[in-house]
Each structure stands twice: as structure tokens, then as C-alpha cells.
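This report refers to the structure that appears directly beneath it.
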Amino acid sequence: MPKITVIYGLALVLIGFLAYFVIGEGRSFTAFIPSIAGGLFVALGLLAMKESLLKHAMHTAVLLALVFFLATVRGLTQLPALLAGEEVARPLAVQVQSASAVLSAIFIILAVIDFIRIRKARKAAA
């Protein structure tokens, strides 16, 4: 799971940089928010590669992913209107928030599945 955390973080970094440098309508600093969060996830993933920090780093990563999901899920509510061709305020923000929310949801699901797997393995070993 630490490697998946690093990949998740790198994906968020990429989203932020693409939003700012490639797509960059108006070039707002807020386009870097996914990159900043991604940097935290990369750091937590790297920390989790040390066995003594695995549990704490992964639980922290999932908690932060949940907070990040809740902060970005608003974009998903506006995505259908954007895809239907309707005008929405800040379409780039809707796209970035939607991508971030989907990635966060996938990461959270994978982490919970992994936590359950680990708990079952511990019970079986006891």
C-alpha cells in the first residue's frame, strides 16, 4: 500500500501541475492545491515504507485522503452540467476537483480493503 500511496500522490502532483502550466486558464495559485496534497501523500507513502512507521503513516494518509475527498467532491456535483455543455463557474476547477475526488475515493477504497486484509491475516495468525 505504500507504493500505491506514492502513486496516488504523484498523480495529484501531476493534476496540479497540468492545471496550472498546461491548461492554466487565469493561472490561479489554487491550481496547485492537488500538487501540495500530492506532496504530502508522496511523503507519507515513503515514510510508510519503513516498517515501524507503516501503520501510522498509512492511517494518516487515509484520513487526509478522506479530508481531501470531502474538500473536492463538490466538483463532482457540477461535473454533469459541465459535460452536458452547460456553463459552470470555473470549469477548470470543476475538472480538477472531480479528478481529485475520484482519485481520492479510489485510494480510500483500496486502503480500506488493505486494512481489512491485514486485520484478517492477523486474526488468522493468532
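Every number in this text was worked out from the coordinates using simple rules, so none of it is lab data. Everything numeric in this text was worked out from a predicted model, so none of it was measured. Cβ: placed from backbone, ideal geometry, glycine included. Neighbour counts: every protein chain shown.
Listed options for Cα Rg over 2.2 N^0.38 Å are (i) 1.52; (ii) 1.19; (iii) 1.01. The value calculated from this structure is the one marked (ii). For segment 37-88, run through the trypsin sites (Lys or Arg not before Pro) and keep only the ones in DSSP coil with at most 13 other Cβ atoms within 10 Å of their Cβ. Filter output for segment 37-88: Lys50. If R0 is 30 Å, the Cβ-Cβ spacing of Ile106 and Ser28 corresponds to a FRET efficiency of close to 0.70. Taking the charge dipole of the chain about its Cα centre, with +1 at Lys and Arg Cβ atoms and -1 at Asp and Glu Cβ atoms, the residue from Ala101, Ala71, Leu47 reaching farthest to the positive side is Leu47.
Extension gain, Ala89 to His56, is 8.0 nm, computed as 0.36 nm per intervening residue step minus the present C-alpha separation. Projecting label points 7 angstrom from Cα along Cα→Cβ for Ala124 and Ala43 puts them 3.6 nm apart.
When the pairs Lys50/Lys120; Lys3/Lys50; Lys50/Lys123; Lys3/Lys120 are compared against a 19 Å limit on Cα-Cα distance, Lys50/Lys120; Lys50/Lys123; Lys3/Lys120 fall above it. Picking from Ile116, Ile33, Ile23, which is most flexible by a Gaussian network model of the chain using Cα springs under 10 Å? Answer for the Gaussian network model of the chain: Ile116.
Projecting label points 7 angstrom from Cα along Cα→Cβ for Phe17 and Ile36 puts them 1.8 nm apart. Picking from Ala43, Ala81, Ala31, which is most flexible by a Gaussian network model of the chain using Cα springs under 10 Å? Of Ala43, Ala81, Ala31, the Gaussian network model singles out Ala81 as fluctuating most. Kindly express, to the nearest 10 degrees and within the range 0 to 90, the angle between helix 2-17's C-alpha long axis and the longest C-alpha principal axis of the chain. The answer is roughly 10 degrees.
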